[in-house]
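The values are calculated or read from the model by the stated rules, or taken from the named source; none is laboratory data. Note that the structure is a prediction, hence the values are computed from the model and not measured. Neighbour counts are summed over all protein chains in view; Cβ atoms, including those assigned to glycine, are modelled from backbone coordinates with ideal geometry.
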Amino acid sequence: MSFVYPQFFWVMTVPFVIFVFLVVTNREKVERLFDSSALQRLRADSEALPNSIRNLLLFSAVFAMIVALSRPVIEQGETTIRLKGLSVVSALDISGSMRCKDLYPNRLEFAKKKMQQFFDAMPADEIAVAAFAHSAFILAPFTSDKATLKQIVEGVNESYINMASTDFEAIATLASDMLAKKKQKILVLFSDGGDAKALEGMRERLQKKGIKLFAVLSATKKGAPIPGEDGHFMREKDGTIAISQLNEELGKIARESGGEYIVAANGREDMQRLAKMLHEKFGDEKHGTIKIKDRKELFVYPLLLAVVLLLAGLSSLPAGRVSKAKGGER
């Protein structure tokens with residue numbers, strides 16, 4: 001048997017032994033330090049249980065608690081756990097059209113929420129996060145720490161938005177580099193889509209590198225005006241207000257690559273469906289192994305013993321004082 005926290009055992013045992021010694025051998029000093037009437041109230045004199053036995057029970061209970069808190073265990077060797085899951089690059093569109101407010105509160109915030117829900121639906125998988133507009137860059141490398149990924153995505157705000165044209169080929173190139181050593185090459189894109197001309201370079205890159213694209217489209221068919229950096233709506237060359245609408249051309253490219261696309265909706269069901277689709281299509285790949293110690297926990301036994309001893313030590317009522325109290329009431 002060993003202790004998980006041996007330092008706690010020794011730190012608490014030494015002062016405990018000193019305390020017991022002082023109580024047993026220096027009763028007069030204790031009485032000089034405290035008011036006699038206060039000590040009289042704290043005493044539980046009983047004809048049924050002598051003070052010496054009661055003290056032994058209470059001291060033993062405290063010692064058993066110290067043992068329990070030190071967490072005694074029996075070591076049973078190590079267990080090797082294989083880590084399995086998918087490796088996925090998730091990318092967030094931060095182009096100017098993501099300012100549109102046809103989704104609440106705007107497309108960017110809506111896409112961020114869907115990306116965070118996607119992380120929740122992939123608890124055992126490792127995910128990398130990138131962002132793209134006129135260029136693409138990594139926000140987080142591959143990790144299984146979804147809480148950190150969610151914080152990183154939450155930190156992306158409108159100051160990241162690039163009003164220049166969206167380069168979809170740039171994110172495809174970045175994803176191919178990040179997935180170069182991965183068995184399954186999966187890119188999940190959170191975007192409002194793009195026209196066929198802007199997506200052509202991406203189509204070729206995905207086919208060349210064997211990347212499967214899964215697109216989560218955050219836009220509506222009705223569309224909305226595109227707010228500029230100055231707060232005014234962007235305009236076409238003829239002076240009319242530019243309207244950005246859902247373009248499913250990105251979804252067609254996803255299907256051509258062997259992937260799929262989803263038009264994002266409220267609720268978590270769409271991201272759960274996407275996660276299920278990925279696992280059914282690609283299965284899990286081995287990420288490595290970790291070793292954990294196999295232990296049999298024993299703390300419950302000294303803890304139960306402490307409770308029994310404590311109850312035994314406190315169970316006797318001060319019969320003499322109770323009788324006096326009743327006589328005084330009469």
* With respect to LYS185, is the statement that it is surrounded by 15 or more Cβ atoms within 10 Å (Cβ to Cβ) and not aliphatic (A, V, I, L, M) true? -> yes
* Asked: Only one of (1) among the hydrophobic types (A, V, I, L, M, F, W, C); (2) out of contact with any Ser or Thr (no Cβ under 8 Å at 6 or more places or on another chain); (3) part of a loop (DSSP other than H, G, I, E, B) fails for ILE262. Which number is that?
  -> (3)
* Structure fact -> Within region 265-294, residues being assigned to a strand (DSSP E or B), surrounded by 15 or more Cβ atoms within 10 Å (Cβ to Cβ) and modelled with pLDDT of 75 or more number 0
* Asked: Would you pick out the residues in region 141-172 that are surrounded by 17 or more Cβ atoms within 10 Å (Cβ to Cβ), farther than 18 Å from ASN247 by Cβ and β-branched (Val, Ile, Thr)?
  -> VAL153, VAL156, ILE161
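With the structure loaded, tell me whether LYS197 is under 33 Å from the mean Cα position of the chain (by Cα), in the same structural domain as PHE119 (by TED's automatic domain parsing) and modelled with pLDDT under 90 or whether it fails that test.
Details: under 33 Å from the mean Cα position of the chain (by Cα): no; in the same structural domain as PHE119 (by TED's automatic domain parsing): yes; modelled with pLDDT under 90: yes.
In short, no.
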